[in-house]
1. Taking the condition outside any strand (DSSP E or B) and under 24 Å from Lys102 (Cβ atoms), does Leu67 pass?
2. Which of the following residues is modelled with pLDDT of 95 or more and in contact with a Pro (Cβ under 8 Å, 6 or more places away or on another chain): Ser108, Ser64?
3. Please verify whether Leu52 is of a type in the set (A, V, I, L, M, F, W, C), open to solvent by less than 90 Å² (accessible area, probe 1.4 Å), at pLDDT 95 or above and part of a helix (DSSP H, G or I), treating the condition exactly as stated.
4. Regarding Thr80, is this residue touching a His at 6+ places or on another chain (Cβ under 9 Å) and either polar (S, T, N, Q) or open to solvent by less than 30 Å² (accessible area, probe 1.4 Å) (or both)?
5. When you go through Arg145, Arg92 one by one, which is the residue that is farther than 22 Å from Ala9 by Cβ, touching a residue at least 24 places away in the same chain (Cβ under 8 Å) and either of a type in the set (A, V, I, L, M) or open to solvent by 70 Å² or more (accessible area, probe 1.4 Å) (or both)?
6. Considering only region 13-26, how many residues are within 14 Å of the chain's Cα centre (by Cα) and in a helix (DSSP H, G or I)?
Amino acid sequence: MTFMDEALAAARAAADAGEVPIGCVVVRDNAVIAAAGNRTLRDRDPTAHAELLALREAASKIGSERLIGCDLYVTLEPCTMCAGAVSLARVRRLYYGAADPKGGAVDSGVRFFSAPTCHHAPQVYPGIGESQSAEMLRAFFKARR
């Protein structure tokens, strides 16, 4: 199982709970140290995106707000809020599945990591698990229309 497979599993669990199916894992020393799916509805928290939840868990586990040497795998291109958190956490590499032309902020929209005010930009690898991520999102929203 790849790290993106684990992020996809977290996304499926989020979908099963009625949340938008986005999943994320944080990896350090070739092991998952944190995993989360979206929980905005459950937590009644607009900031409970998979990335923020996984970053918080990882920081707690390693005892530092700086996730030096950590990589983040997420099923959808991060939004501006999540891209900012990835930068502040000093994540080494960001791997994401589907692009998000409407709400993404990495290669779409504001392109946060390219902004002169961005303190740290991770190495970015888009399109990892893209078809599975995109299909899960399409199916989720189709079922709700």
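1. Working: outside any strand (DSSP E or B): yes; under 24 Å from Lys102 (Cβ atoms): no.
In short, no.
2. After ruling out the rest, the residue left standing is Ser108.
3. Working: of a type in the set (A, V, I, L, M, F, W, C): yes; open to solvent by less than 90 Å² (accessible area, probe 1.4 Å): yes; at pLDDT 95 or above: yes; part of a helix (DSSP H, G or I): yes.
Taking the combined requirement at face value, the residue satisfies it.
4. No.
5. That would be Arg92, the only listed residue that is farther than 22 Å from Ala9 by Cβ, touching a residue at least 24 places away in the same chain (Cβ under 8 Å) and either of a type in the set (A, V, I, L, M) or open to solvent by 70 Å² or more (accessible area, probe 1.4 Å) (or both).
6. Going through region 13-26 one residue at a time, the tally reaches 1.
Per-residue answers, yes or no, for (1) in a loop (DSSP other than H, G, I, E, B); (2) in contact with a Pro (Cβ under 6 Å, 6 or more places away or on another chain); (3) farther than 19 Å from Thr2 by Cβ:
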{"site": "Val74", "(1), (2), (3)": "no, no, no"}
{"site": "Cys82", "(1), (2), (3)": "no, no, yes"}
{"site": "Pro101", "(1), (2), (3)": "yes, no, yes"}
{"site": "Met136", "(1), (2), (3)": "no, yes, no"}
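The values are calculated or read from the model by the stated rules, or taken from the named source; none is laboratory data. All figures in this text were calculated on a predicted structure; none of them were measured in a lab. All Cβ positions, glycine included, derive from the backbone under ideal geometry; neighbour counts span all protein chains shown. Please note that ligands, DNA and RNA were not included when accessible areas were found on the heavy atoms of the full protein model with its side chains. Shrake-Rupley method; radii C 1.70, N 1.55, O 1.52, S 1.80 Å.
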